[in-house]
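Chemist: My questions will all concern the structure given below.
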Amino acid sequence: MHAINIARVVLGSSLLLGGVAASAAAQTLAAPGEETYAQQMAREQSEHPTLKIGSAAPAFSLKGIDDKSHTLAEYGDAPILAIAFISNHCPASQLYEGRIKQIVRDYADKGVKLIAIAPNGPMAVAPRELNYAEVDDSFESMKIHAEYRQFNFPYLYEGDTQQVAHQYGPKVTPHIFIFDRERKLRYEGRIDDNMRGNNIKTNDARNALDALVAGRPVPVEHTPVFGCSTKWNSAIAGKQREMKEWMAKPVTLETASLDELKKLRTNPTGKTLMINFWATWCGPCQTEYPELLTTYLWYRSRDFEFVSVALNTPDERASVQKFLDEHHSAVRNLIIDTDDVYAVQAAFDAKWESGVPFTLVLAPDGREIYRIEGEADILALRRRILGNLPDAGMFAGNTEYWRK
Amino acid sequence: MSKWTWSFAPIAMLLAATTVVAAQQPARPNLLQVTSHVSAERVTVGDRFNVTLELAPAAKMHVYAPTVVNYKPIVLTVRPQPGLIVRPASYPPAEKYFYAPLKETVDVYQKPFQVVQELGLDSSPAGRAALKGVTELTVQAALSYQACDDKICFPPRTIPLTWTVAIKES
């Protein structure tokens, strides 16, 4: 599981992250006949080279989350322009949002304008790469994410054509480019040297901004980056591979007794467990179910399980199986072995009024993390899960990020 | 005319004995208020009479009409017994409910509505034989329905219903 996560992190130069070397990650991901991680990075750098120091800022006209078009020219009055390539889904990028916002605040009176561009092609992001995300990288999701995190800077979408992203060549999100008054690139690289905010030794982007504000030479013009690789629309093999693997999984349906439901309520999985009671005669259940499956698809590479329980009676088994097949619900699916749904209610959860959908998320120790009788607010659900899944040190602070 | 009102627990309505019985059930929300009345307190063999159910879904809730497919429709079922003629229950035209998330239109009842059940005492020789010496008749029925709003559904419920009518000698 961790190998996938590690492999998603681009390790610039010889930088180590979490004690894991890039080469180790590359070796883990490579499958026979497929390019290694290192080969992928080399190919992408060749196909989308990063803008060189001293280059002019490529012009752009991109749609912002305010639904207006934004151009390079409109920021012409700013003595210094910083362009941060970030993304909704990337845990590294998420961890830098607060620092980017602080840069905006700290440098607003010093002639610095900062904008952010989301370079990823949404269709190129594999489900498993969304394992730290509450939304994907689509334009509409940018609006949701930016509002939730209260972005204080323009946030522009570049996921369709990626022509601008290609011209700038961000290797990862986050990757920042800083231009002077003449819009010549004076700094490109990381924001600072450590994702963990309390371990920062070098504030590279701030150092560059301070130098430009003071009219001094930028001390270090290029730094290696770390984060999540830019998702180019030309490279969707990873997503296709994952979906193929998912679709090959069988859709099964087990019969569950009241005793088994009681046991399920204690969470015997050792993982964070999402349980959803649903029924074929329930419209809101049918509406919600695909979102829950998507949530599982995204988080299954972490310690997360999903069990569905159909509240249909045993004689309705065929219709339950049909629904599960149609949605390819390749999770642990249960159907109760009784037509007494109130006995199910009493056995599983005394506080439950037997309405469906009923969704419960349990911590590995059985503690209740999230509970809703009725259709879930899927964003609230995901944020609660993310705020409770351990970040395993790789993206230390991400769990806390989702609790804020 | 007698009238009884209740809202959720399985109950028996006794026209003559005026007894309401509530079965033990786990607590659950009120979904459908049910009131019934019978068109005649005393009937004679050969008479027809109606039981009318006045039904009122809880706020924002709907129950499914008999015409639905893939959902649980409301159904009033009267238990057959000798001497009792049971006609098909009469349901009002359904309202069209558009459930946007699934882009489907479903036949439901969201506002108060009536279900009318026509009954009769059988005047055929077999019916008269069955009713001979009988001074009251207890009609047993069950009302099944399933209720939802746009965010939540509750499992199908069945309410047992009972009416007792006095029988006059003809």
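Chemist: Going through the range A:45-72 one residue at a time, which ones are surrounded by fewer than 18 Cβ atoms within 10 Å (Cβ to Cβ), outside any loop (DSSP other than H, G, I, E, B) and either modelled with pLDDT of 95 or more or over 28 Å from the mean Cα position of the chain (by Cα) (or both)?
Modeler: A:ALA56, A:SER61, A:LYS63, A:SER69, A:THR71
Chemist: Quick check on my filter: what residues within the range A:73-95 are part of a helix (DSSP H, G or I), under 30 Å from A:ARG196 (Cβ atoms) and hydrophobic (A, V, I, L, M, F, W, C)?
Modeler: Selection gives A:ALA92, A:LEU95.
Chemist: Cβ-Cβ below 6 Å, separation at least six or inter-chain, first residue in the range B:109-129 and on the phi < 0 side of the Ramachandran plot, second of a type in the set (Phe, Trp, Tyr) and part of a strand (DSSP E or B): which pairs?
Modeler: B:LEU119/B:PHE49
Residue-wise test of (1) loosely packed, with under 15 Cβ neighbours inside 10 Å; (2) away from every other protein chain (no Cβ under 14 Å).
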{"site": "A:ASN203", "(1), (2)": "no, yes"}
{"site": "A:SER257", "(1), (2)": "yes, yes"}
{"site": "A:THR269", "(1), (2)": "no, yes"}
{"site": "A:CYS285", "(1), (2)": "no, no"}
{"site": "A:THR295", "(1), (2)": "no, yes"}
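Chemist: Within the range A:132-144, which residues are of a type outside the set (A, V, I, L, M, F, W, C) and out of contact with any helix residue (DSSP H, G or I) (no Cβ under 9 Å at 6 or more places or on another chain)?
Modeler: Hits for the range A:132-144 are A:GLU140, A:LYS143.
Chemist: Could you please let me know if A:VAL361 is part of a strand (DSSP E or B), crowded, with 20+ Cβ neighbours inside 10 Å and out of contact with any Leu (no Cβ under 6 Å at 6 or more places or on another chain)?
Modeler: Spelling it out, A:VAL361 is indeed part of a strand (DSSP E or B), crowded, with 20+ Cβ neighbours inside 10 Å and out of contact with any Leu (no Cβ under 6 Å at 6 or more places or on another chain).
Chemist: Mind listing just one residue for me: the one in the range B:123-158 that is out of contact with any helix residue (DSSP H, G or I) (no Cβ under 7 Å at 6 or more places or on another chain), within 14 Å of chain A (Cβ to nearest Cβ) and assigned to a strand (DSSP E or B) and, of those, nearest to B:ALA58 (Cα to Cα)?
Modeler: Result: B:ALA147.
Chemist: On to the next question. Does B:VAL34 satisfy being touching a His at 6+ places or on another chain (Cβ under 9 Å) and either outside any loop (DSSP other than H, G, I, E, B) or at pLDDT 95 or above (or both)? It would help to see each step written out before you state the result.
Modeler: Numbers: touching a His at 6+ places or on another chain (Cβ under 9 Å): no; either outside any loop (DSSP other than H, G, I, E, B) or at pLDDT 95 or above (or both): yes.
No: the conditions fail for B:VAL34.
Chemist: Same structure, new question: Does the range A:365-372 contain at least one residue that is within 14 Å of another protein chain (Cβ to nearest Cβ) and assigned to a strand (DSSP E or B)? Show your work before the answer.
Modeler: Step one: filter the range A:365-372 for residues within 14 Å of another protein chain (Cβ to nearest Cβ), giving A:371-372.
Those left that are additionally assigned to a strand (DSSP E or B): A:371-372.
Checked the range A:365-372: at least one residue is within 14 Å of another protein chain (Cβ to nearest Cβ) and assigned to a strand (DSSP E or B).
Chemist: Of all residues in the range A:181-235, count the ones that are within 20 Å of A:GLY397 (Cβ to Cβ), outside any loop (DSSP other than H, G, I, E, B) and not aliphatic (A, V, I, L, M).
Modeler: Residues of the range A:181-235 that are within 20 Å of A:GLY397 (Cβ to Cβ), as a first pass: A:190-206, A:225-228.
Now drop any that are not outside any loop (DSSP other than H, G, I, E, B), which leaves A:197-199, A:204-206, A:226-228.
From what is left, the residues that are not aliphatic (A, V, I, L, M) are A:197-199, A:204, A:206, A:226-228.
Residues that pass the stated criteria total 8.
Chemist: Please work out if A:HIS2 is at pLDDT below 95 and either surrounded by 15 or more Cβ atoms within 10 Å (Cβ to Cβ) or of a type outside the set (Ser, Thr, Tyr) (or both).
Modeler: yes
Chemist: So which of B:PRO82, B:PRO88 is away from every other protein chain (no Cβ under 14 Å), over 15 Å from the mean Cα position of the chain (by Cα), more than 26 Å from A:THR313 (Cα to Cα) and at pLDDT 95 or above?
Modeler: Just one listed residue meets the conditions, B:PRO82.
Chemist: Can you give me the number of residues within the range B:140-153 that are buried (at least 19 other Cβ atoms within 10 Å of the Cβ), touching a residue at least 24 places away in the same chain (Cβ under 8 Å) and more than 10 Å from B:LYS72 (Cβ to Cβ)?
Modeler: Within the range B:140-153, residues that are buried (at least 19 other Cβ atoms within 10 Å of the Cβ), touching a residue at least 24 places away in the same chain (Cβ under 8 Å) and more than 10 Å from B:LYS72 (Cβ to Cβ) number 3.
Chemist: Another question, if that's okay. Taking the range B:47-98 as the region of interest, how many residues are surrounded by 15 or more Cβ atoms within 10 Å (Cβ to Cβ) and either in a loop (DSSP other than H, G, I, E, B) or small (Gly, Ala, Ser) (or both)? Steps first, answer last, please.
Modeler: First, the residues of the range B:47-98 that are surrounded by 15 or more Cβ atoms within 10 Å (Cβ to Cβ): B:47, B:49-58, B:61-65, B:68, B:71-78, B:83-86, B:89, B:91, B:94, B:97.
From what is left, the residues that are either in a loop (DSSP other than H, G, I, E, B) or small (Gly, Ala, Ser) (or both) are B:47, B:56, B:58, B:61, B:65, B:68, B:71-72, B:74, B:83, B:89, B:91, B:94.
Selection size over the range B:47-98: 13.
Chemist: Identify, by number, the condition in (1) closer than 30 Å to A:PRO91 by Cα; (2) within 12 Å of chain B (Cβ to nearest Cβ); (3) out of contact with any Ser or Thr (no Cβ under 6 Å at 6 or more places or on another chain) that A:ILE385 doesn't meet.
Modeler: (2)
Chemist: What residue, of A:ALA347, A:ALA363, A:ALA310, A:ALA343, is under 30 Å from A:PHE395 (Cβ atoms) and touching a residue at least 24 places away in the same chain (Cβ under 8 Å)? Working first, answer last.
Modeler: Numbers: A:ALA347 fails: under 30 Å from A:PHE395 (Cβ atoms); A:ALA310 fails: under 30 Å from A:PHE395 (Cβ atoms); A:ALA343 fails: under 30 Å from A:PHE395 (Cβ atoms).
Residue meeting the stated conditions: A:ALA363.
Chemist: Also, quick follow-up: Is it the case, given these coordinates, that A:GLN345 is of a type in the set (S, T, N, Q) and within 14 Å of chain B (Cβ to nearest Cβ)?
Modeler: The answer is yes for A:GLN345.
The values are calculated or read from the model by the stated rules, or taken from the named source; none is laboratory data. Given the structure is predicted, the values throughout are model-derived calculations rather than measurements. Heads up, the Cβs are rebuilt from the backbone with ideal geometry, glycines too, and the neighbour counts pull from every protein chain shown.
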